[in-house]
Amino acid sequence: MGVEINKLAFSSRVKRIYDCWNNASKNDDFASVADADELLLVAGDPAAEDAPMKRGTCLQQWLLGYEFPSTIFLFQKDKITILTSASKAKILSQIENSGGGIPIEILAQPKVKDTTNDMLPKLLDLYITGTRAGALVKEPNAGKLISDWDKLLGEAATKPELVDMSQAVSAFMSTKDEEELKTIQTAASLTSTLLKHHVAPKLESILDRETKVTHDMLSAQIEARLGSGEGSSSKGPDMKVWSKGKDLGSVDWASVEFAYPAIIISKNSKTGYDLRYSNESSEDNIAHKGVLLVSFGIKYKSYNTNIGRTFVVDPTPKQEAQYNLLLSLQAEMLSFMKDGVSARDVYQHALSYVREKDPELEPKFGKSVGFGMGIEFRDNTYVLSPKNGRTLRKNMVFTLSLTFSDLTDSTGAGSGQKYALQLVDTVKIDSSHASLLTQGTKSSKEVLFFLNPDSEEEKPKKEKKPPVIPRTNGSPSKQKAVTVGGKVLRNQSRRAAQDDVHQTAAAKLAEHQRELHLKLQEDGMQKFSDDGGGTNGKEGKGWKKFQSYKGEGALPTEVDRLRIFVDRKAQTVILPIHGFAVPFHINTIKNASKNDEGDFTYLRINFQTPGQLAGKKEDTPFEDPDATFIRSVSYRSPDGHRFDNICKQITDLKKEANKREQQKKEMADVIEQGNLVELKGRRPIKLSEAFIRPALDGKRLPGEVEIHQNGLRYQSPLGSQKVDILFSNVKHLFFQPCDHELLVIVHLHLKAPIMIGKKKTFDVQFFREATDVQFDETGNRKRKHRYGDEDEIEMEQQERKRRAMLNKEIKAFAEKVAEAASSSNGETLELDIPFRELSFEGVPFRTSARLQPTTECLVHLTDPPFLVVTLADIEIASLERVQYGLKQFDLVFIFKDFTKTPLHINSIQSSQMDDVKNWLDSVDIPMSEGPVNLNWGPIMKHINESPYEFFQQGGWSFLGGAGGAESEQSEGSESESEFEVEPEEFASSESSVDESDYDDSDASGSDSGSDFGGDDESDEGDDWDELERKAAKADQKRIEGGKKGGASDDSDDDRPKKKKAPVKTNGKAKGKR
């Protein structure tokens, strides 16, 4: 049976109805049915999808878990009668004996053509026996069953008096049982997760980057997290968001839906700050300043939850105080709302609290502070208003909605503008207080964004700006330099003054890195605690089965001769064994070898078998552990020429099979894109004279890029070749100007690779060349009238203008691509621009490249192979070969997906180490540093075997912590960093702020560092002044030694020995004269 009714829940809820009904009195919540003889629940045809759920439908859902349209329930003191269609009667037959002592009779209404067995008169006869019937008199119902019932009822001589039982129905459902509370808690967790991990970050990103997004578009993007589309183009829930929530692993996603469309309001909204839940997000662009309100609710298995938040950009002190009042008021209300308190007392307590704290806000306070909820989103019977005398009971669930509306901004640029504030959560009533079911993202630090830098000490900035330009080699910003520099005393050296600043910067970085590492460890434990381990490296491994022939009839005719035969078509080698022709697929063969001994030639064929020592398949399990395997087979023949030929055929066939297998693996993640939907009715936006990379086959000619409804199309000039890229497959979109490059670039990084020609690619790039050779650089008329560099200056100005126009044109096209993609996908695709001032040189592949950070990535787009690393995918960054005296270091990115190979960026100049550290810290990437390169292959294999055990044993702490913060501090300083590195693990050294004279080796090719130029360990720990004194003393000794005839100075001082060579050479030269 497709529909299964929870009989235990039905029985307990029927019992609650009868207990409340039988014990009802005039003074309690069930007063409306106190004198009723029977209760009539009528349901007509299903309502429209966008219509609010009727209370009668809610009662059906509460009792049965499903809606049963065109059904009539008659509750009498001693019996329950249900009239419905024959198909529904079969489903309801499950509950016939689940009435808890109350007999249940189900009347199956016959089909229209069969009128001889009409059940309506029988139900009417039962109904008119009562004198007073409770019904939902204010709920209209329609449909054939309802019209037939009304007609029959109108013809009846007597009928019971109707009383409205809507308030009693609300009271029946108001107190939630254990199963209901569990369902509501799941719905609340879904709501909180969506707010914390999608809505708030998304909105903050829009405000931070000032992205042009309409209110309704953002609302649609929020709803798309539960899936979108239909049929083959449908998308499921966005698990990137939901996987971050707690206890959501067993959620039935088919039962999750939005209680109402997300409502986004800003000062640009046409409807103003309308706080009603019937309001809709407008088509205006979201304002990037002022007050923004967000409300949405999620329904799980018909049970509703609700949440609402306020975000304020650059708030005034008055707005900040008003929002803080809402926060304190919510805490006060949670302690006041409890079992036995009346709804009017709840409202009056809230109003008096506001009056006490800020009397001016009393008239702006909401007319109610919430309402009861459950299956019905808004239960009007339990509105928390000053006129409602209903009593709150334990295990009731409410929306606690605290609002100030019709407020006026009296300061700044927004003077005179209206705004509103809200703080909405779902709460559960307990015996002594109320507890929050929805929570997160409501503290002042999380929702108030200050644009004024003076406020940074009190409040954080807007969430994430593009990465700040790091301090060069750890030197402070200008403002801090002035502040700190003013404290420098006369007897302090310039280095000592810098140390003070350096320590402050290093301490901040170390503290932030400690927080990041702690969070990384907590997230790792939480992520892997559920499954308790990894894949052990064996999951998914197994022995494939290959079929060479379907039967004996498919064998080639050559087998009759019982000779070794290589069948290239079937990729099989047929071997004669004991008079039988036995086929072996080429994939079961490891290799073949031949050797000559005397007059005979021996052919040995080795097979793939488990348990081969140091073989790739030694750890691969076989389905039958008791199976016997043939490891090899040998043949002897005097015909050496034939065995030569057979061995070559087998080897060639094996190479072809390996090549095919490799190509198959490479193409495994290549997707087949859907069809591009071309624009109709108007011309698409085009970018002409654009080249594409990877290049198409044939002559290199510029083509056109067109923006269509759901993607881009590149058309070659001859029209013979085209490349389609769907917006749904675009992960990142970049624009790189030609300010310091020869190309201006629009670059698309894809979620899954596509084929362009015969090449698989994750990156597609459209570019124009910024050089212009179509002008005369030789002498012309201007030369006759101008002298000096005037014409060259003019040409440079024209070149700058040309580049600026080119940048403007291509950037405008890239922005239109981003806008079209956002509209098509339902989620914002940001246009990312590299920050060249943050760039550094490194070797990610085989050649050196300029790597440039963007807001979300680290990229190299100028030349192939391209590099695009998504910062959100990085688990931790490891700085390697960090040693005093080395000119270069390496950077390794370990990804959150531990199955991915870590990315190595080698040979970064040590002079840029502090820049790289500051950038990594600014984008919240945990980092560590060490003196040598680590072998990441075995490390990642060990982690993948059991990630949970890895984090239990300390996780990434084996790397040594937060980026070696001490190495950035002066050794002579008395104040030590709070974040210390173990001395035996890492060589503590000075930061490479000043170029070292001790380095006599480039060490760029070394994996383990290089030797220092000096061997005197007594210098370790000396400050710069002491080092300078020792250096001067050593120079004086060398001069004195030179005066004594150029005698070799054998003392092992700290100057490199190559510096002494000129003294020796001069001495020897004199001797030769």
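The values are calculated or read from the model by the stated rules, or taken from the named source; none is laboratory data. This one's a predicted model, so the numbers in the text were calculated from it and none came from an experiment. Cβ placement follows ideal geometry from the backbone for every residue including glycine, while neighbour counts extend to all protein chains displayed. Side chains are part of the model used for accessible areas, which takes the heavy atoms of the whole protein and leaves out ligands, DNA and RNA. Shrake-Rupley method; radii C 1.70, N 1.55, O 1.52, S 1.80 Å.
Here's the yes/no breakdown for (1) of a type in the set (Asp, Glu); (2) modelled with pLDDT of 90 or more; (3) surrounded by fewer than 15 Cβ atoms within 10 Å (Cβ to Cβ):
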{"residue": "Pro556", "(1), (2), (3)": "no, no, no"}
{"residue": "Lys569", "(1), (2), (3)": "no, no, yes"}
{"residue": "Val573", "(1), (2), (3)": "no, yes, no"}
{"residue": "Thr588", "(1), (2), (3)": "no, no, no"}
{"residue": "Ser593", "(1), (2), (3)": "no, yes, yes"}
{"residue": "Leu603", "(1), (2), (3)": "no, yes, no"}
{"residue": "Gln608", "(1), (2), (3)": "no, no, no"}
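Give me the pairs: first residue in segment 705-726 and without any contact (Cβ under 8 Å) to a residue 60 or more places away in the chain, second residue polar (S, T, N, Q) and open to solvent by less than 30 Å² (accessible area, probe 1.4 Å), beta-carbon distance under 7 Å, and six or more apart or on different chains, which are they?
Lys722/Ser716
Would you confirm, using the coordinates I've provided, whether Lys550 is within 30 Å of Glu945 (Cα to Cα) and either of a type in the set (D, E, K, R) or modelled with pLDDT of 85 or more (or both)?
The answer is no for Lys550.
Working carefully through the options Leu334, Leu326, find the one that is in contact with a Leu (Cβ under 8 Å, 6 or more places away or on another chain) and open to solvent by 10 Å² or more (accessible area, probe 1.4 Å).
Working: Leu326 fails: open to solvent by 10 Å² or more (accessible area, probe 1.4 Å).
Answer to the check: Leu334.
Of the residues Asp238, Asp314, only one is farther than 23 Å from Thr381 by Cα, modelled with pLDDT under 90 and open to solvent by less than 50 Å² (accessible area, probe 1.4 Å); which?
Testing whether each residue is farther than 23 Å from Thr381 by Cα, modelled with pLDDT under 90 and open to solvent by less than 50 Å² (accessible area, probe 1.4 Å) leaves just Asp238.
Could you list, in sequence order, all residues of segment 860-874 that are part of a strand (DSSP E or B) and either of a type in the set (A, V, I, L, M, F, W, C) or surrounded by 20 or more Cβ atoms within 10 Å (Cβ to Cβ) (or both)?
Within segment 860-874, His860, Leu867, Val868, Val869, Ile874 qualify.
Return a yes/no flag: does segment 876-888 have any residue that is assigned by the TED database to the domain that holds Pro931, within 21 Å of Gln513 (Cβ to Cβ) and open to solvent by 20 Å² or more (accessible area, probe 1.4 Å). Don't jump to the end; show me each part of the working.
Narrowing segment 876-888 to residues assigned by the TED database to the domain that holds Pro931: 876-888.
With within 21 Å of Gln513 (Cβ to Cβ) added as a condition, the list becomes 876-884.
Now narrow it down to the ones that are open to solvent by 20 Å² or more (accessible area, probe 1.4 Å): 883-884.
Taking every residue of segment 876-888 in turn, at least one turns out to be assigned by the TED database to the domain that holds Pro931, within 21 Å of Gln513 (Cβ to Cβ) and open to solvent by 20 Å² or more (accessible area, probe 1.4 Å).
Scan segment 645-704 for residues that are small (Gly, Ala, Ser) and without any contact (Cβ under 8 Å) to a residue 40 or more places away in the chain and jot them down.
Ala668, Gly681, Ser688, Ala695, Gly698, Gly703, listed by residue number.
Hey, Asn906 hits all of (1) open to solvent by 50 Å² or more (accessible area, probe 1.4 Å); (2) over 27 Å from Ala506 (Cβ atoms); (3) part of a strand (DSSP E or B) but one; which does it fall short on?
Of the numbered conditions (1) open to solvent by 50 Å² or more (accessible area, probe 1.4 Å); (2) over 27 Å from Ala506 (Cβ atoms); (3) part of a strand (DSSP E or B), the odd one out for Asn906 is (2).
So which of Lys246, Lys299 ends up being among the charged types (D, E, K, R) and at pLDDT below 90?
Lys246
From Asp897, Asp921, grab the single residue that is of a type outside the set (A, V, I, L, M), in a helix (DSSP H, G or I), under 20 Å from the mean Cα position of the chain (by Cα) and outside the structural domain of Val764 (by the TED database). Can you show your working first?
Values: Asp897 fails: in a helix (DSSP H, G or I).
Answer to the check: Asp921.
Hey, any hits in segment 707-720 for a residue that's of a type in the set (A, V, I, L, M, F, W, C) and within 24 Å of Pro865 (Cβ to Cβ)?
Scanning segment 707-720 turns up at least one residue that is of a type in the set (A, V, I, L, M, F, W, C) and within 24 Å of Pro865 (Cβ to Cβ).
Within segment 709-747, can you find the residues that are open to solvent by 10 Å² or more (accessible area, probe 1.4 Å) and among the hydroxyl-bearing types (Ser, Thr, Tyr)?
Selection gives Ser716, Ser720, Ser728.
Being outside any helix (DSSP H, G or I) and open to solvent by less than 30 Å² (accessible area, probe 1.4 Å) is the filter here; which residues of segment 7-28 pass it?
Ala24
From Glu332, Glu376, Glu356, which residue is more than 38 Å from the chain's Cα centre (by Cα) and over 30 Å from Arg209 (Cα atoms)?
Glu356
Suppose we filter segment 678-708 for residues that are open to solvent by less than 70 Å² (accessible area, probe 1.4 Å) and either of a type outside the set (A, V, I, L, M, F, W, C) or in a loop (DSSP other than H, G, I, E, B) (or both); how many remain?
Residues in segment 678-708 being open to solvent by less than 70 Å² (accessible area, probe 1.4 Å) and either of a type outside the set (A, V, I, L, M, F, W, C) or in a loop (DSSP other than H, G, I, E, B) (or both): 14 in total.
Output the residue which, of all residues in segment 833-859 that are open to solvent by 20 Å² or more (accessible area, probe 1.4 Å) and β-branched (Val, Ile, Thr), is farthest from Thr901 (Cα to Cα).
Among residues in segment 833-859 that are open to solvent by 20 Å² or more (accessible area, probe 1.4 Å) and β-branched (Val, Ile, Thr), the one farthest from Thr901 (Cα to Cα) is Ile833.
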